[in-house]
There are 2 protein chains.
Amino acid sequence: MSRQMVRPGGRGARVQASVHTAVHELLAENGRETLTVPQIARRAGVTPSTIYRRWGDLQALLSDVAVERLRPDTTPDDHGSLADDLTTWAEHFLDEMSSPTGRAYIRDALLGDPDGGNAGQCSAYAAEQIDTILTRATRRGEKTPDTETVIDHLVAPLIYRILFRPDGLDTTHTHQLVATTLDHT
Amino acid sequence: MSRQMVRPGGRGARVQASVHTAVHELLAENGRETLTVPQIARRAGVTPSTIYRRWGDLQALLSDVAVERLRPDTTPDDHGSLADDLTTWAEHFLDEMSSPTGRAYIRDALLGDPDGGNAGQCSAYAAEQIDTILTRATRRGEKTPDTETVIDHLVAPLIYRILFRPDGLDTTHTHQLVATTLDHT
């Protein structure tokens, strides 16, 4: 999390936006090996000390940028049934998170963040999307598992394998996870 | 992973052992905030360039030390049934991995290791322990889930929550995970 509260539209928010954009652009252009705070500051039009003051160090800044990038920008699609909604969401989630960029962002979110706030935020984003899917299913009159069950048996295995054990990841595996999760209704 | 192969008993193995011990001692004494390569080198009786040559940087060294520390040093206990063996193992695994030291080691193993070899090794250690438990159960004539199912529905939720969502972690939750896993037999 940023070290300071940011007022929307204020100078703080503008600095944050331009620094985040600079990081994102430089990562896309040169990767993270050569990324430095002075380079980010130059691109964002701020001084390095502005960055150090607000974020502490490069790792913490990368962690904030990662969480921002991992924020879902749409509501999960409505396909008319819980099974379809969850399957489509899980396939999309796996696609995004297991891409080289997705993996790098998950690692960044974890690593620059010793107190766990940013990692918790990533998990909260997934939980919100699942909540949306489950609430919609309940309105349709479908039986649903609870959100924490979906986290344990669908989200957790996907993220665990992305980070620690990528070999088993494919669509068949994802569909099996959805089936197991739906057994808990 | 170490950048070089190490011959047991050779100079390489002795250097590795003394550097690992130095890291472990210095972490215990001062934590990781102040840890530096020259400090480790001094304690281990080697030159800093020996460390840079073999490990590349501090993060990669910490990652290697973490994997070494996460290696299980005993076979899982035999309690006479699959349910008891898996429950006891999972409780012990959660205890170790969710301790401040355990969490720090998991993060280190992930962090200094962009190609995923060390993270994969951590997962392989868990899989070996589970294999032992399942093989024993099969010999007793019990029905068992396969190792990857135990990874997905027991190991993954524990590690995911330790890293991203620690609130739900307790013995009741672990027991539920074991029950779900055993449904897959």
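The values are calculated or read from the model by the stated rules, or taken from the named source; none is laboratory data. The structure presented is a predicted model; accordingly, all values stated were derived computationally and were not measured. No Cβ is skipped: glycine too gets one built from the backbone with ideal geometry, and neighbour counts run over all protein chains shown.
One table, with the values for the structure above:
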{"item": "Residue satisfying condition, being of a type in the set (F, W, Y) and surrounded by fewer than 21 Cβ atoms within 10 Å (Cβ to Cβ), within set A:Y105, A:Y125", "result": "A:Y125"}
{"item": "Test result for A:P166, within 11 Å of chain B (Cβ to nearest Cβ) and surrounded by fewer than 16 Cβ atoms within 10 Å (Cβ to Cβ)", "result": "yes"}
{"item": "Some residue of the range B:94-101 being at positive phi and in the same structural domain as B:L177 (by TED's automatic domain parsing)", "result": "no"}
{"item": "Leading residue by the ranking (farthest from B:D115 (Cα to Cα)) among those in the range B:31-52 that are among the charged types (D, E, K, R) and under 25 Å from the mean Cα position of the chain (by Cα)", "result": "B:R43"}
{"item": "Test: residue in the range B:53-66 that is without any contact (Cβ under 8 Å) to a residue 60 or more places away in the chain and more than 22 Å from A:L111 (Cα to Cα)", "result": "yes"}
{"item": "Members of the range B:146-156 that are crowded, with 21+ Cβ neighbours inside 10 Å and either farther than 13 Å from A:F164 by Cβ or among the hydroxyl-bearing types (S, T, Y) (or both)", "result": "B:T149, B:V150, B:H153, B:L154"}
{"item": "Residues located in the range B:153-185, provided they are farther than 21 Å from B:L111 by Cα and within 17 Å of the chain's Cα centre (by Cα)", "result": "B:L154"}
{"item": "Single match in A:T144, A:T174, A:T135 (criterion: part of a helix (DSSP H, G or I), among the polar types (S, T, N, Q) and either facing chain B (nearest Cβ under 8 Å) or touching a Leu at 6+ places or on another chain (Cβ under 6 Å) (or both))", "result": "A:T174"}
{"item": "Candidates B:R107, B:R136, B:R140, B:R165 - the one that is among the charged types (D, E, K, R) and in contact with a Ser or Thr (Cβ under 6 Å, 6 or more places away or on another chain)", "result": "B:R165"}
{"item": "Hits in the range B:22-43 (condition: modelled with pLDDT under 95, assigned to a helix (DSSP H, G or I) and surrounded by fewer than 17 Cβ atoms within 10 Å (Cβ to Cβ))", "result": "B:H24, B:E25, B:A28, B:E29, B:N30"}
